[in-house]
Amino acid sequence: MNVKSIYIKVIVLLSLALQLSSCYNKKNDEANVFHYNEFNGIASLDPAFAKSQSTMWAAHQLYNTLVEIDDSLHMVPSIARSWDISADRMTFIFHLRNNIFFHDDPVFPGGKGRKLTAQDVEYSFNRIIDKQTASPGSWIFNRKVDTIQPFKAIDDTTFQLKLLRPYLPMLGIISMQYCSIVAKEAVEKYGTDFRRHPVGTGPFQFVAWEEGQALVLKKNSTYFEKDKNGKGLPYLDGIRVSFYDSKATEFLLFRQKQLDFINDIEASFKDEVLTKKGTLRKEWDGKIVLTTNPYLNIEYLGILVDSANALVKNSPMRSKKIRQAINYGFDRRKMILYLRNSLGTPAESGFVPMGLPSFDSSVVKGYNYNPAKTKQLLAEAGYPDGKGLPAIKLLTVAIYADMANFIAKQLEESGIPVQVEVVQKSLLLTMTSSSTAAFFRASWIADYPDAENYLSVFYSKNPAPPNYTRYKSASFDEAFEKAIREDNDSIRYKLYQQADKIMIEDAPVVPLWYDKVVWLVQPGVKGFSPNALNLLELRRVKLK
């Protein structure tokens, strides 16, 4: 970089700093900028890489998808104003709005954002599956869409998607941030730098990103959506994201009213804010707002069950009775009460969590705390009172070490020796993906609100991810395949429940709890509420 370039960059950053200082001062009555901290950082602003929640949150502000999911988990129009599905359920036709424009950017003639067309949708979807893009979201269309011409722009406002076979969850798939619509000109001009120079159609547009310091977005003044009174969205003038990697610092900034909300509450100060029943302590009443919502996320322990793997051949967990004994051997309710301040629901049903319409704990019965049953199963497996049972190693990450130790202590009381080993998150992901972890802590967050997204974790034709346990069951596969072809909701839900029951009986996992979204919000933030996907929705937020 030459001296002139460095000088220009410094001037730009100083100008930005001055803008931010006025916006960041929450006492400034003119400020209409929403502030939040992204503890985990943001890896990319390219939606093709929207794998993590932090990237999804940013992408949701910058881009739009064909359809989206409302607060009631229904599919609603976005770029597409309507759609039709063919009689054979193999072809989807989307009718696009004719008033959506990309953000102004130098890549367009005169710097003025051009109108979005169906060709942009075709390009964006093909880009996801293009091997040169190397998108982690390429799997979403695997074995689902037509292999010859899956995506086609029929004209400027009509887009066609063709499937290999009927697959009703496809609408959920294309609501994912991976499927955000991008401009070909911007991707080709900026190349790999598109990750930090996004050009979308969303309610907010890019201003600046100093990695590790701040991301600034401003209101898209040409955004197409309006409220019920005809007023243009969004209401906010902008968004500022900081990147403090200390939860303590984040909480301090929130207390100082420099952040408008924080997502989740760090374990070290949960007791300061919440009672064991999960309510605000009296001293916080009126000062902050606690909002919770069922979260389509399950926390669980995974057990490798691939009989061809040497780890399984030499593990007592190759026995279903041992896996079931573990499931009965600890008190989920006590764990959630004392270690989670009741923020979550003990997972005593299947793998499909609360919040989904197919969830029914009266139909899918899982495991509760029953030490007598644990001892019975141990005896039946050849280990009376745990005698002769070798120690089982449980891999986890640091923030879940207290959970793992709680489980290990209770299992030991029932005769199951467990050794907890804390490893780095990146190592654990590598080990689970490569089948070198026999017993491990994990979670599964919904990409879209359908039980198929959870049960696909156990479909034998899926690799890892998502099938980290390498579970394989012909009866499970049969019920699962019938479900994803079925367009009658009530029948499909029964098939989902059937598949879930088969898997839970085989016990390749130990469900821990069904999660909750937990937000602490400043009282002056209005029109801001969590949703089951924990997607950050800011279009209708107002600051007072």
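What the table below lists for this structure:
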read-out: FRET efficiency, 1/(1 + (r/R0)^6) with R0 22 Å, evaluated for residue 380 and residue 412 via beta carbons; value: 0.65
read-out: Relative counts (whole %) of C-alpha pair distances in the range 294-517, using bins that are 5 Å wide; value: 1, 7, 15, 20, 21, 18, 11, 5, 1, 0, 0
read-out: In range of the label at residue 333: residues from the range 373-398 whose backbone nitrogen is under 20 Å from the point 7 Å along Cα→Cβ; value: 373-375
read-out: The range 318-477, relative contact order [Cα under 8 Å, separation at least 6], %; value: 20
read-out: Two-site label geometry, residue 249 and residue 363: point separation in nm, points 7 Å out along Cα→Cβ; value: 4.9
read-out: Relative contact order for the range 160-278, counting Cα pairs under 8 Å that sit 6 or more residues apart, in percent; value: 14
read-out: Convex hull volume per residue in cubic angstrom - Cα atoms of the range 63-202; value: 115
read-out: Among the listed pairs 257/282; 219/247; 321/472; 320/373; 112/231, those beyond 21 Å (Cα-Cα); value: 219/247; 112/231
read-out: Alpha-carbon gyration tensor eigenvalues x 5, square-rooted, for the range 398-465, Å; value: 26, 15, 13
read-out: Residue-wise HN-Hα coupling along the range 42-56, computed from phi with Karplus coefficients 6.51, -1.76, 1.60 (Hz; x: Gly, Pro); value: 10, 7, 7, 9, 8, x, 5, 10, 7, 8, 9, 4, 4, 6, 4
read-out: Ranked by how many other beta carbons lie within 10 Å on average, peptides 103-113, 80-90, 467-477 from highest; value: 467-477, 103-113, 80-90
read-out: Nearest-0.05 FRET efficiency for residue 320 and residue 280, computed from C-beta distance (R0 60 Å); value: 0.85
read-out: In degrees, nearest ten, helix 401-413 long axis to first principal axis of the chain (Cα); value: 10
read-out: Angle between the chain longest axis and helix 474-485 axis [Cα atoms, degrees, rounded to 10]; value: 30
read-out: Cα-based convex hull volume of the range 458-544 per residue, rounded to whole Å³; value: 154
read-out: Considering only the chain, percent of DSSP beta bridges that pair antiparallel, nearest 5; value: 85
read-out: Set of the range 96-116 residues, backbone N closer than 13 Å to the point 7 Å along the Cα-Cβ line of residue 154; value: 96
read-out: Per-residue HN-Hα couplings for the range 526-537 [Karplus 6.51, -1.76, 1.60; θ = phi - 60°; Hz; x = Gly/Pro]; value: 10, x, 10, 9, x, 9, 5, 8, 6, 8, 6, 10
read-out: Efficiency of FRET between residue 256 and residue 540 - r from beta-carbon atoms, R0 25 angstrom, step 0.05; value: 0.45
read-out: Span per principal axis, largest first, for the Cα atoms of the chain (Å); value: 78, 60, 51
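Laboratory data are not the source of any read-out in this text; all were calculated from the coordinates shown. All values derive from a computational prediction rather than experimental measurement. Counting neighbours? That spans all protein chains shown, and the Cβs are built from the backbone with ideal geometry, glycine included.
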